[in-house]
Amino acid sequence: MTPDLQRVEQAHWEDWDPIGVRAMGGPSDEYDSYAPTILRMLLAGATEEELVVHLYAIETEQMGLGGGQRPYGAARALLRLAPQRGDG
């Protein structure tokens, strides 16, 4: 596992956690299966809105949750992890 992937997994755990597993003392790898796609999105230069849409879709379509504000904070946290892009 790469350090970048570990950071994305950690951000999911700390900043997203849509089903509240962390608060219940659940397994910290609960959301790890979503990290590779998010990392690819970050490396491709995804915007905050693209990340929000993706996380919201996971919450509502895959997890069956009602959605909410979590994807916004998580997207901002994930963007802080994105590699800095040079001017060319």
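Taking only region 12-35 into account, find how many residues are over 14 Å from the mean Cα position of the chain (by Cα) and either of a type in the set (A, V, I, L, M, F, W, C) or closer than 17 Å to residue 61 by Cβ (or both).
3
Sort out which residues of region 27-41 are outside any helix (DSSP H, G or I) and surrounded by 13 or more Cβ atoms within 10 Å (Cβ to Cβ), and write them in order of number.
28, 30, 31
Output the residues belonging to region 54-72 that are loosely packed, with under 14 Cβ neighbours inside 10 Å and either touching a helix residue (DSSP H, G or I) at 6+ places or on another chain (Cβ under 6 Å) or not acidic (Asp, Glu) (or both).
Within region 54-72, 57, 62, 63, 64, 66, 68, 69 meet the criteria.
Kindly evaluate residue 44 against the criterion of being surrounded by fewer than 15 Cβ atoms within 10 Å (Cβ to Cβ), over 18 Å from residue 80 (Cα atoms), aliphatic (A, V, I, L, M) and without any contact (Cβ under 8 Å) to a residue 24 or more places away in the chain.
no
What are the pairs with Cβ atoms under 8 angstrom where one residue, in region 1-27, is farther than 13 Å from residue 73 by Cβ and touching a residue at least 24 places away in the same chain (Cβ under 8 Å) and the other, located anywhere, is among the charged types (D, E, K, R) and surrounded by 15 or more Cβ atoms within 10 Å (Cβ to Cβ)? Sequence gap at least six, or different chains.
9/32; 19/30
Regarding region 57-65, can at least one residue be identified that is part of a helix (DSSP H, G or I), of a type outside the set (Ser, Thr, Tyr) and in contact (Cβ under 8 Å) with a residue 24 or more places away in the chain?
Yes - at least one qualifying residue is present in region 57-65.
Computed from the coordinates by the stated procedures, all read-outs in this text should not be read as laboratory data. The model shown is predicted, which means the values in this text are computed figures rather than measured ones. Heads up, the Cβs are rebuilt from the backbone with ideal geometry, glycines too, and the neighbour counts pull from every protein chain shown.
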